[in-house]
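The values are calculated or read from the model by the stated rules, or taken from the named source; none is laboratory data. These numbers come from a predicted model, not from an experiment. A quick note on method: Cβ atoms are made from the backbone with ideal geometry, for glycine too, and the neighbour counts reach across all protein chains shown. Ligands, DNA and RNA are stripped out before the accessible areas are found, and what is left, the full protein with its side chains, is counted by its heavy atoms. Shrake-Rupley method; radii C 1.70, N 1.55, O 1.52, S 1.80 Å.
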Amino acid sequence: MSQELKVGARLKSAACTTEVVVVKAPTGAVDLRCGGAAMAGDAVAGREPLDAEQAVGTVLGKRYTDNESGVELLAVKAGDGSLSIDGRLLTLKGVKPLPASD
């Protein structure tokens, strides 16, 4: 299910408790999933089964990115599913080291 993502949009997983906020939106429509199930902006009617291959988990407060699409998501609620976009798993964004103070 492809959808246009907008900065600030809050999306919920249908397979677990994961919720994310879009920090950087990609250009064009993408297929955003968590745990193998499509993510939606509205309330999830029923739970879909969690794909065991996409069950690494999502960590609260961490940012997830995809270099190809340019998307960046912030996890605002943790869950058991892994985030993916167009079939590619998103990667956990690394922390930038602070400059040394003298």
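Of all residues in segment 1-15, which are closer than 12 Å to Asp31 by Cα and surrounded by 15 or more Cβ atoms within 10 Å (Cβ to Cβ)?
Within segment 1-15, the first condition is being closer than 12 Å to Asp31 by Cα, and the residues that meet it are 1-5.
Those that are closer than 12 Å to Asp31 by Cα and surrounded by 15 or more Cβ atoms within 10 Å (Cβ to Cβ): Gln3, Leu5.
So which residues in segment 75-85 are surrounded by fewer than 19 Cβ atoms within 10 Å (Cβ to Cβ) and within 16 Å of Val21 (Cβ to Cβ)? Don't jump to the end; show me each part of the working.
The first filter runs over segment 75-85 and keeps only residues surrounded by fewer than 19 Cβ atoms within 10 Å (Cβ to Cβ), leaving 76-78, 80.
Across segment 75-85, the qualifying residues are Val76, Lys77, Ala78.
Consider only pairs whose beta carbons are under 8 Å apart and that are at least six residues apart or on different chains; among these, list those whose first residue lies in segment 56-69 and is touching a residue at least 40 places away in the same chain (Cβ under 8 Å) and whose second residue is open to solvent by less than 70 Å² (accessible area, probe 1.4 Å) and of a type in the set (Phe, Trp, Tyr).
These pairs meet every condition: Thr58/Tyr64.
Taking the criterion of being closer than 18 Å to Lys93 by Cβ, among the hydroxyl-bearing types (Ser, Thr, Tyr) and open to solvent by less than 80 Å² (accessible area, probe 1.4 Å), would at least one residue in segment 51-59 satisfy it?
Yes.
Can you pull out every residue in segment 15-36 that is of a type in the set (A, V, I, L, M, F, W, C) and within 19 Å of Leu60 (Cβ to Cβ)? Even if it seems obvious, please write down each step before you answer.
As a first pass, look at segment 15-36 and keep what is of a type in the set (A, V, I, L, M, F, W, C): 15-16, 20-23, 25, 29-30, 32, 34.
The answer is Ala15, Cys16, Val20, Val21, Val22, Val23, Leu32, Cys34.
Any idea which residue in segment 32-44 is modelled with the lowest pLDDT, counting only those that are farther than 13 Å from Cys16 by Cβ and in contact with a strand residue (DSSP E or B) (Cβ under 7 Å, 6 or more places away or on another chain)?
Taking segment 32-44 as the starting set, the residues that turn out to be farther than 13 Å from Cys16 by Cβ are 32, 40-43.
Applying the additional criterion that residues be in contact with a strand residue (DSSP E or B) (Cβ under 7 Å, 6 or more places away or on another chain) yields 32, 40-41.
Values: Leu32: 94, Ala40: 85, Gly41: 82.
Checking each candidate, the answer is Gly41.
Pull up segment 16-37, narrow it to residues that are within 13 Å of Ser82 (Cα to Cα) and of a type in the set (Gly, Ala, Ser), then point me to the one that is most open to solvent (accessible area, probe 1.4 Å).
Here is the first cut: in segment 16-37, the residues within 13 Å of Ser82 (Cα to Cα) are 16-20, 32-37.
Next, from what is left, pick out any that are of a type in the set (Gly, Ala, Ser): 35-37.
Numbers: Gly35: 0, Gly36: 29, Ala37: 0 Å².
Within segment 16-37, the match that is most open to solvent (accessible area, probe 1.4 Å) is Gly36.
Residue-wise test of (1) within 10 Å of the chain's Cα centre (by Cα); (2) closer than 20 Å to Met1 by Cβ; (3) open to solvent by 30 Å² or more (accessible area, probe 1.4 Å).
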position: Met39; (1), (2), (3): yes, yes, no
position: Leu73; (1), (2), (3): yes, yes, no
position: Leu89; (1), (2), (3): yes, yes, yes
position: Ser101; (1), (2), (3): no, no, yes
